[in-house]
Amino acid sequence: MEYADLLIETYGRVAVIRLNRPKALNALNDNMMNELGDALYKFDADKNIGCIVLTGSEKAFAAGADIAAMAEYTYADTYPDNYIGRNWEHILNVRKPVIGAVAGFCLGGGCELAMMCDFLIAADSARFGQPEIKVGVTPGAGGTQRLPRTIGKAKAMDLLLTARMIDAAEAERTGLVSRVVPADKLMEEALAAATVVASMSVTVAMAIKDSVNRAFETTLTEGVRYERRYFHAAFGTPAQKEGMSAFLAKRAAKFDGL
Ligand code: CAA
């Protein structure tokens, strides 16, 4: 796959999508978001891929939506064309696990895109924030919704209203990221985690992802009922037969492609 604003690599069953507009700290523009949707859908459909890593550069995962591109927009340019909504949320349709590997600036739309990943591994160089208020807009890709659900109202209001950045340690304390690793080990650690995920049954991984995401959309009782359906359905999959028979035979399970 060849893209103008992305770099693509694969490592076994892991696909790596790298945001690549280094001169603009990976500011997210229309072309990059269209390309990202295209790459994500291709890997989601590829039977040889079990997990996707989304990353940026050492300096920036992404410093937000492209301010130069949108500075002159009017309401008539944004509302009728559904700016942001039209092409930023493809990642939410991806059914395979997506791990975000974040180094450097992860701001505004960059932080919002990161929060659409399933979990985040951060370099100790990572800086997170929602500084949209400083450029006179609200967040537009879920910052006011996903951030409080992730780190709680007080911290979210603090970041959204003061525009301050938090470092990787604070991001880990607040639950925004699952792990912090030395910057020079970020891709090694992200690939190791993705390789573990990709070695599991893709069917079961998709079901877990869907079930966890359901938790944010429904009640506890309904969510547990939803999970139970997947649990029961798992007994109809080759993955359950392989996983449990491997355990009883004291051998490693081989889920590749199941
Ligand atoms: N859009 C466009 N260009 C950007 C950008 C952005 N969001 N962020 C950085 N850049 C560009 C800069 O204009 C600069 O380009 P030039 O070299 O051509 O001048 C280049 O990237 C390097 O940036 P700086 O010189 O500013 O680097 P720095 O190290 O001094 O500062 C920074 C880094 C703190 C991230 C600073 O660039 C910054 O504050 N960026 C904007 C962050 C921001 O406000 N993000 C929110 C955008 S709005 C949004 O995202 C809406 C939404 O919710 C969807």
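When V180 is tested against the conditions (1) part of a helix (DSSP H, G or I); (2) open to solvent by 30 Å² or more (accessible area, probe 1.4 Å); (3) not hydroxyl-bearing (S, T, Y), the lone failure is (1).
Being in a helix (DSSP H, G or I) and either within 15 Å of the ligand (Cβ to nearest atom) or free of Cβ contacts under 8 Å to residues at least 12 places away in the same chain (or both) is a condition met by at least one residue of the stretch 42-51. Going by the conditions given, is K59 open to solvent by 80 Å² or more (accessible area, probe 1.4 Å), of a type in the set (D, E, K, R) and within 11 Å of the ligand (Cβ to nearest atom)? Judged against the criteria, K59 is a match. Looking across the stretch 121-141 at every residue that is open to solvent by 20 Å² or more (accessible area, probe 1.4 Å) and free of Cβ contacts under 8 Å to residues at least 60 places away in the same chain, the one that is nearest to R86 (Cα to Cα) is identified as P139.
Residues in the stretch 192-223 that are touching a Pro at 6+ places or on another chain (Cβ under 7 Å) and small (G, A, S): A205 alone. Pairs linking a residue in the stretch 201-225 that is touching a residue at least 60 places away in the same chain (Cβ under 8 Å) to a residue that is assigned to a helix (DSSP H, G or I), with Cβ atoms under 8 Å and 6 or more positions apart or on different chains, are A205/V197; D210/Y230; F216/R149. As a summary of the residue check, A234 satisfies the conditions (1) open to solvent by less than 40 Å² (accessible area, probe 1.4 Å); (2) under 17 Å from the mean Cα position of the chain (by Cα) except for the one numbered (2).
The values are calculated or read from the model by the stated rules, or taken from the named source; none is laboratory data. All values reported here derive from a predicted model rather than from experimental measurement. Neighbour counts are summed over all protein chains in view; Cβ atoms, including those assigned to glycine, are modelled from backbone coordinates with ideal geometry. The protein model used for the area step is the full one, side chains on, heavy atoms only, and it has no ligands, DNA or RNA in it. Shrake-Rupley method; radii C 1.70, N 1.55, O 1.52, S 1.80 Å.
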